[in-house]
Amino acid sequence: MLSILLLSDVHGRVSVLKNIVRSASYDIALVAGDISNYSGGAYREVLEILSLNIPRSIVVPGNVDPHEIAELDIENISVIHKQIVEVSGLYVVGIGGGIGFSFWGIPYLTDIQIELFIKDIEKTLASRSITPHVLLTHTPPKASGLDRVYSGEYVGSKKIREFVENHKPVLHVCGHIHEGRGVVRIERTVAVNPGPAMVGYYGIAKISSDKQEVTVELKRVEM
């Protein structure tokens, strides 16, 4: 059984991240974006902490993360967008960007762009005959509760939700909406927004050896 650390929205809070990664022993970290601070910095420090403490980390960029993070070469770290990686027998699909914000040359990310990201991913999945085990996105799925802001509005992506419903990964990890922390089921998929790591929130997922079952526990470290 794999022990997986679930993170999102670190926002450069290195001191808090150190406490989180040292809270237990993990096989993998899945990081759902916004590792940088609000000025677009500190991402190298965050990734280096993950590299030193977790055997393998998969990261998608969030809306505050600059394109430079994809060009870093740090041991045990994979930063992915519109890509698929295999780690410990898991196929992980990654899609970056936060809906409603600028992202890597797109002034305002909408579901139209996310649909294009997904079409690229689906072509790769089809060409390689891969069924994804994990979906890792910054943007949460629409109307899941993981995308509910304080006003009560649901601001997630319809296209990401459709991907989950069509491909049925065992686990979907997202972030972006800080107040959307929680765990829900979308058909057979366990979807989780672990909450902003910048204030100590994180999650732990356990995936069975046959990649068919997953449990998730939400946690918080002392500040």
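Any read-out appearing in this document is the output of simple, stated calculations on the displayed coordinates, not a laboratory observation. These numbers were taken from a predicted model, which means no experiment stands behind them. A quick note on method: Cβ atoms are made from the backbone with ideal geometry, for glycine too, and the neighbour counts reach across all protein chains shown.
Got a sec? Which of Y91, Y154 is over 17 Å from V64 (Cβ atoms), touching a Pro at 6+ places or on another chain (Cβ under 8 Å) and of a type in the set (S, T, Y)? Let's see the steps before the verdict.
Working: Y154 fails: touching a Pro at 6+ places or on another chain (Cβ under 8 Å).
The unique qualifying residue is Y91.
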Please find, among L50, L109, the residue that is in contact with a helix residue (DSSP H, G or I) (Cβ under 8 Å, 6 or more places away or on another chain) and either assigned to a loop (DSSP other than H, G, I, E, B) or aliphatic (A, V, I, L, M) (or both). L50
So in segment 51-68, with the set limited to residues that are surrounded by fewer than 23 Cβ atoms within 10 Å (Cβ to Cβ) and hydrophobic (A, V, I, L, M, F, W, C), which one is nearest to I114 (Cα to Cα)? I54
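Here is a check on your reading of the model: is I4 crowded, with 18+ Cβ neighbours inside 10 Å, touching a Phe, Trp or Tyr at 6+ places or on another chain (Cβ under 9 Å) and β-branched (V, I, T)?
So I4 fits the description; yes.
Name the residue that is surrounded by the most Cβ atoms within 10 Å (Cβ to Cβ), counting only residues in segment 117-154 that are aliphatic (A, V, I, L, M) and within 16 Å of the chain's Cα centre (by Cα).
L146
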Taking segment 170-213, which residues are in contact (Cβ under 8 Å) with a residue 40 or more places away in the chain, part of a strand (DSSP E or B), among the hydrophobic types (A, V, I, L, M, F, W, C) and surrounded by fewer than 23 Cβ atoms within 10 Å (Cβ to Cβ)? V184, I186, I204
Would you confirm, using the coordinates I've provided, whether L136 is in contact with a Gly (Cβ under 7 Å, 6 or more places away or on another chain) and not in a loop (DSSP other than H, G, I, E, B)? yes
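Filter segment 1-25 down to the residues that are free of Cβ contacts under 8 Å to residues at least 40 places away in the same chain and under 16 Å from V59 (Cβ atoms), then identify the one that is farthest from the chain's Cα centre (by Cα). Let's see the steps before the verdict.
Kept after step one, since they are free of Cβ contacts under 8 Å to residues at least 40 places away in the same chain, are these residues of segment 1-25: 14-15, 18, 21-22, 25.
So of that shortlist, the ones also under 16 Å from V59 (Cβ atoms) come out as 14, 21.
Numbers: V14: 18, V21: 16 Å.
Applying the filter and picking the extreme gives V14.
Within the group S144, S151, which residue is outside any helix (DSSP H, G or I), among the polar types (S, T, N, Q) and without any contact (Cβ under 8 Å) to a residue 24 or more places away in the chain? Step through it out loud before you land on a result.
Details: S144 fails: without any contact (Cβ under 8 Å) to a residue 24 or more places away in the chain.
The unique qualifying residue is S151.
Assess whether I118 counts as being touching a residue at least 40 places away in the same chain (Cβ under 8 Å), touching a strand residue (DSSP E or B) at 6+ places or on another chain (Cβ under 6 Å) and assigned to a helix (DSSP H, G or I). If you could, list the steps in order and put the result at the bottom.
Details: touching a residue at least 40 places away in the same chain (Cβ under 8 Å): yes; touching a strand residue (DSSP E or B) at 6+ places or on another chain (Cβ under 6 Å): no; assigned to a helix (DSSP H, G or I): yes.
So I118 fails the test.
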Within segment 121-145, considering residues that are among the hydrophobic types (A, V, I, L, M, F, W, C) and in contact with a strand residue (DSSP E or B) (Cβ under 8 Å, 6 or more places away or on another chain), the one nearest to I177 (Cα to Cα): A143
